[in-house]
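Novice: Below are the structure tokens for one structure; questions will follow.
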């Protein structure tokens, strides 16, 4: 009989020898029914051992406008060639003065080296630096008053992850996954933003290495934002101190240090971005090209050209919410002749969904079934909404196994939701042989108390899993955990 993997059995308890292609100090089998299988080694332990970065602690505390603390922590330095691991333990570092910065910087990036020295710089850490520093996070310089912001809790970069993974998240930035809808504030030049969720990878190892962390942002009415425009070499933040909390409809950027005055009755484009660091910080991004439009339709058709770029320094901590097409001298953003708000629906920063109306689409509907109209955009939106509603059924995870003889119930919990994919069964995280309408493998689903084995395509709500001790690779025990892996619509 083949032995099975037990929970917690393969957790790595110390360093391992990658140079000689072998793992050392892997937990021994608990009993004769357990087998050490390197394929199922604890992923978190592997990732911790391979990446330089924060292991625990290292919390940054803002003291005042110019001073911060770094609390005690532990970091690992991993030689990328030899894979040797050196652990650093540091005590609290108090009353650290920030480095000087210019008028356009938004972040101070913080790390610690292998001698416990604090590293501060105004540019993001490179791949080479991340091999030499434990990256702790970044301090936000608030655009309005150029002082440290004390509530920067969302950290979308995970310093412990492998460099290629970090680079992906530096380039892509956090994503909007729900809500954050922009609407006019009555009949004026202000906007509201609804509450919603954003997601990004965390700097802090208290979050699992394999998963992003999610933050819920509250709704904001009559929002304040910071104008951002390009001077030909860098982005400028702040704008008119008396006008930064309403849209300046008379100006747009043309790559100079001053905002270009918009031609009368013409339209220009802007992007509104929301900071993931704070509920009340929003950035209004002006275009960097010399482009104005005679009407809203012309401006909207040009969105695919991406005439407005999002500054790199806010890309990793902010999410683009919407395009704004605004008429010169607009006074009422709820007036469809003065302004159009186009939500950026996609979670991709580089290629957002830029229009609510599909154009230039042709198709042959001769073989289409149950189509009530030819509105392609509505059909695509419906499909997208259904896909976004799919999720794994967590209620069928980590279920207690049941013991028995011959053919017996494997777990008392049935299929809880309508499966929209084939159901995979795992015991202690390892897939088992599931019968497809037959009982001759490890287990099968049944809706009549085990009498009939159901085909995998017909597994449904309420079906129970039965274990065949006579043909299975091993016997179930009461401390085993069973998982049904499948997708369903969870509303």
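The values are calculated or read from the model by the stated rules, or taken from the named source; none is laboratory data. Nothing here was measured: the structure is a model prediction, and the numbers come from that model. Using ideal geometry, Cβ is built from the backbone for each residue, glycine included, and neighbour counts are taken over all protein chains shown.
Novice: Kindly state which strands (runs of 3 or more DSSP E) lie completely within the stretch 413-491 and contain at least 2 residues that are in contact (Cβ under 8 Å) with a residue 24 or more places away in the chain, assigned by TED's automatic domain parsing to the domain that holds residue 398 and closer than 15 Å to residue 403 by Cα.
Specialist: The qualifying strands (runs of 3 or more DSSP E) are 464-468, 481-485.
Novice: Can you name the residue in the stretch 325-358 that is modelled with pLDDT under 50 and buried (at least 18 other Cβ atoms within 10 Å of the Cβ) and is also nearest to residue 275 (Cα to Cα) among such residues?
Specialist: 349
Novice: Within the group 302, 295, which residue is more than 21 Å from the chain's Cα centre (by Cα), surrounded by fewer than 21 Cβ atoms within 10 Å (Cβ to Cβ) and modelled with pLDDT of 90 or more?
Specialist: Result of the check over 302, 295: 295.
Novice: Can you pull out the residues in the stretch 114-150 that are more than 16 Å from residue 61 (Cα to Cα), modelled with pLDDT of 85 or more and touching a strand residue (DSSP E or B) at 6+ places or on another chain (Cβ under 6 Å)?
Specialist: 114, 116, 121, 133, 134
Novice: Of 99, 89, which residue is assigned to a loop (DSSP other than H, G, I, E, B) and at pLDDT 90 or above? Before you say what the answer is, go through the steps one by one.
Specialist: On the way: 89 fails: assigned to a loop (DSSP other than H, G, I, E, B).
Only one candidate qualifies: 99.
Novice: What are the pairs, 6+ residues apart or on separate chains, where a residue within the stretch 43-67 that is within 17 Å of residue 135 (Cβ to Cβ) has its Cβ under 7 Å from a residue that is modelled with pLDDT of 75 or more and part of a helix (DSSP H, G or I)?
Specialist: Correct list of pairs: 52/130; 52/131.
Novice: Please enumerate the residues belonging to the stretch 60-79 that are within 28 Å of the chain's Cα centre (by Cα) and loosely packed, with under 14 Cβ neighbours inside 10 Å.
Specialist: Residues satisfying the conditions are 61, 72.
Novice: Among the residues of the stretch 386-394, is any modelled with pLDDT of 85 or more, closer than 25 Å to residue 441 by Cβ and surrounded by 12 or more Cβ atoms within 10 Å (Cβ to Cβ)?
Specialist: Within the stretch 386-394 (the criterion being modelled with pLDDT of 85 or more, closer than 25 Å to residue 441 by Cβ and surrounded by 12 or more Cβ atoms within 10 Å (Cβ to Cβ)), the answer is yes, since at least one residue qualifies.
Novice: Applying the selection to the stretch 311-324, what residues are at pLDDT 80 or above and buried (at least 21 other Cβ atoms within 10 Å of the Cβ)?
Specialist: Across the stretch 311-324, the qualifying residues are 314, 318, 319, 320, 321, 322, 323, 324.
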